[in-house]
Amino acid sequence: KAGGIFLVNEYHPIRRMWSDSETTLPSHRYFDRGPHSYQTDEGLPAYEYHWTVADHIQAVLDAGCTIGKVDEFGEDLDEMTPSALRTLPTYLLIAGRKSGAG
């Protein structure tokens, strides 16, 4: 709707490069969008796609929004966070507003 707010608050795409967060080397390339297949706890096949930061921003723009804010935050520094992820942002935030009269 014109004038509406479009908000994305997503697990940061850079963290998806590690499938085993105990290792220091990534298991996937950043631009490996998938599909990535796995089995659910119920044994059913499932697939997911990994978006880059640019993919998220482009989706907001493609929806006819102007972007008002982009932020990366939530660096985990506690002892429970695997060492490979401790210095990376946890979340990506994008806020936009739908163009047009509201």
Query raised in the report: Measuring from centroid to centroid over Cα atoms, what is the spacing of segment 35-58 and segment 62-94 in Å?
Result: 18 Å
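Over the chain, calculate the relative contact order: mean separation of alpha carbon pairs under 8 Å at least 6 apart, over the residue count, as a percent.
Numbers: 181 pairs, mean separation 42.3, N = 102.
Value for the chain: 41 percent.
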**Report entry** Kirkwood Rh in Å, taken over segment 1-97 so that all alpha-carbon pairs contribute
**Finding:** 15.1 Å
Report summary line: On the accessible surface of the chain, probed at 1.4 Å with all protein chains in place, carbon and sulfur together account for a percent value of 54 percent
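Could you report the chain's accessible area per residue, 1.4 Å probe, as an integer in Å²? Don't jump to the answer; show the numbers that get you there.
Numbers: 6910 Å² over 102 residues.
In whole numbers, the chain has 68 Å² accessible per residue.
Quote the relative contact order of segment 1-60 in percent (integer), defining contacts as alpha-carbon pairs under 8 Å separated by 6+ residues. Mind showing how you got there, number by number?
On the way: 53 pairs, mean separation 16.9, N = 60.
Rounded, it is 28 percent for segment 1-60.
Ranking request for peptides 38-47, 80-89: highest mean number of other beta-carbon atoms within 10 Å first, then the rest in descending order.
80-89, 38-47
Could you work out the relative contact order of segment 49-101? I mean the mean sequence separation of Cα pairs under 8 Å and 6+ apart, divided by the number of residues, in percent.
Numbers: 62 pairs, mean separation 21.8, N = 53.
Over segment 49-101, the number comes to 41 percent.
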Query raised in the report: Which angle from 0 to 90°, rounded to the nearest 10, does the C-alpha axis of helix 53-62 make with the longest principal axis of the chain?
Result: 20 degrees
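The values are calculated or read from the model by the stated rules, or taken from the named source; none is laboratory data. This is a predicted model, so every value here is computed, not measured. Every residue, glycine among them, receives a Cβ derived from its backbone with ideal geometry; neighbour counts consider all protein chains shown. Calculation scope for accessible area: heavy atoms of the full protein, side chains included, ligands and nucleic acids excluded. Shrake-Rupley method; radii C 1.70, N 1.55, O 1.52, S 1.80 Å.
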